[in-house]
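J.: Structure incoming, see below.
The values are calculated or read from the model by the stated rules, or taken from the named source; none is laboratory data. Everything quoted here is computed from the prediction, not taken from an experiment. Don't worry about glycine lacking a Cβ; one is built from the backbone with ideal geometry, like all the others, and counts go over all protein chains shown. These area figures cover heavy atoms from the full protein model, side chains too; ligands, DNA and RNA do not enter into them. Shrake-Rupley method; radii C 1.70, N 1.55, O 1.52, S 1.80 Å.
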Amino acid sequence: GDSVTQMEGPVTLSEEAFLTINCTYTATGYPSLFWYVQYPGEGLQLLLKATKADDKGSNKGFEATYRKETTSFHLEKGSVQVSDSAVYFCALFNQAGTALIFGKGTTLSVSS
Amino acid sequence: DAGVIQSPRHEVTEMGQEVTLRCKPISGHDYLFWYRQTMMRGLELLIYFNNNVPIDDSGMPEDRFSAKMPNASFSTLKIQPSEPRDSAVYFCASSSSTGYHGYTFGSGTRLTVV
């Protein structure tokens with residue numbers, strides 16, 4: 001069945017460092033891909049999405065490009081801030097499926 | 001809109017007691033989802049509704065779990081009897097589709113069963 005695999009965390013960075021969180025997926029057809037962010041004590045918030053191959057989703061300095069050839073949707077940010085410390089979830093939606101499928105999440109910790 | 005509203009935010013109960021979690025979706029959203037989050041298993045879909053009708057409850061772990069949506073603005077997830085392994089954060093989410101546009105999540109209910 002469909003699945004999402006994220007790099008295991010935690011990821012620990014200093015402020016202004018470059019961030020990459022890897023995400024790969026397994027799905028039939030052409031799923032939509034998402035990144036969600038969960039700040040401590042809160043629910044998940046949609047960060048960005050891409051609905052077709054080669055689309056780039058972006059928001060708040062974060063970017064991710066839908067790469068069908070490598071079945072990947074890696075999250076990147078050029079310069080992280082302490083306020084970016086959170087758990088990041090990659091997810092997919094397949095038209096043939098029933099609901100969003102989430103990866104296990106990657107914890108990011110940014111220190112000043 | 002106030003977003004998806006869940007109550008209570010925290011619940012501590014004794015093993016064997018009945019627990020009811022509540023959710024108010026965003027007005028106009030036709031889909032409502034219940035997820036459970038644990039460290040070991042991540043986010044698991046328990047059940048989802050479309051227009052108040054349960055569509056897929058294959059993720060409900062046992063008969064001790066039940067969910068209802070009596071109208072478009074209210075849903076409950078009930079656990080009876082509760083067990084320590086039910087301790088988790090339970091999220092409700094709503095959407096105008098099954099997933100194409102993504103979901104709006106509530107802040108969750110942290111359940112602790114002692």
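J.: Among the listed residues A:Thr51, A:Thr20, A:Thr70, A:Thr5, identify the single one that is open to solvent by 60 Å² or more (accessible area, probe 1.4 Å) and touching a strand residue (DSSP E or B) at 6+ places or on another chain (Cβ under 7 Å).
T.: A:Thr5
J.: Select from the range A:1-50 the residues that are among the hydrophobic types (A, V, I, L, M, F, W, C) and assigned to a loop (DSSP other than H, G, I, E, B) and write down the one among them that is farthest from A:Gln81 (Cα to Cα).
T.: Ranking the qualifying residues of the range A:1-50, first place goes to A:Ala27.
J.: B:Leu77 versus (1) open to solvent by less than 70 Å² (accessible area, probe 1.4 Å); (2) of a type in the set (A, V, I, L, M); (3) more than 19 Å from B:Thr38 (Cβ to Cβ): which is the lone unmet condition?
T.: (3)
J.: Looking at (1) open to solvent by 40 Å² or more (accessible area, probe 1.4 Å); (2) within 13 Å of another protein chain (Cβ to nearest Cβ); (3) of a type outside the set (Val, Ile, Thr); (4) in contact with a helix residue (DSSP H, G or I) (Cβ under 9 Å, 6 or more places away or on another chain), which is the only condition B:Pro61 fails?
T.: B:Pro61 satisfies all of (1) open to solvent by 40 Å² or more (accessible area, probe 1.4 Å); (2) within 13 Å of another protein chain (Cβ to nearest Cβ); (3) of a type outside the set (Val, Ile, Thr); (4) in contact with a helix residue (DSSP H, G or I) (Cβ under 9 Å, 6 or more places away or on another chain) except (2).
J.: To continue, here is another question. Counting only residues that are within 9 Å of chain A (Cβ to nearest Cβ) and assigned to a strand (DSSP E or B), which one in the range B:90-109 is surrounded by the fewest Cβ atoms within 10 Å (Cβ to Cβ)?
T.: Out of the qualifying residues, it is B:Thr104.
J.: Pick from the range B:7-38 the residues that are open to solvent by less than 20 Å² (accessible area, probe 1.4 Å) and not in a loop (DSSP other than H, G, I, E, B): which of them is farthest from B:Asn71 (Cα to Cα)?
T.: Here the answer is B:Thr13.
J.: If you check B:Arg41, B:Arg85, which single one turns out to be away from chain A (no Cβ under 12 Å), open to solvent by 60 Å² or more (accessible area, probe 1.4 Å) and among the basic types (Lys, Arg)?
T.: B:Arg85 is the lone residue from the list that is away from chain A (no Cβ under 12 Å), open to solvent by 60 Å² or more (accessible area, probe 1.4 Å) and among the basic types (Lys, Arg).
J.: In the range A:67-95, what count of residues is obtained for those that are over 29 Å from A:Ser112 (Cβ atoms), touching a residue at least 24 places away in the same chain (Cβ under 8 Å), in a loop (DSSP other than H, G, I, E, B) and away from chain B (no Cβ under 14 Å)?
T.: 3
J.: Let me confirm something: among A:Thr98, A:Thr107, which residue is assigned to a loop (DSSP other than H, G, I, E, B) and either of a type in the set (Val, Ile, Thr) or open to solvent by 10 Å² or more (accessible area, probe 1.4 Å) (or both)?
T.: From the options A:Thr98, A:Thr107, the qualifying one is A:Thr98.
J.: Separate question: Count, please, the residues in the range A:32-44 that happen to be within 10 Å of chain B (Cβ to nearest Cβ) and either of a type in the set (Asp, Glu) or loosely packed, with under 15 Cβ neighbours inside 10 Å (or both).
T.: Qualifying residue count for the region: 2.
J.: Determine if the range B:52-75 includes at least one residue that is outside any strand (DSSP E or B) and in contact (Cβ under 8 Å) with a residue 40 or more places away in the chain.
T.: yes
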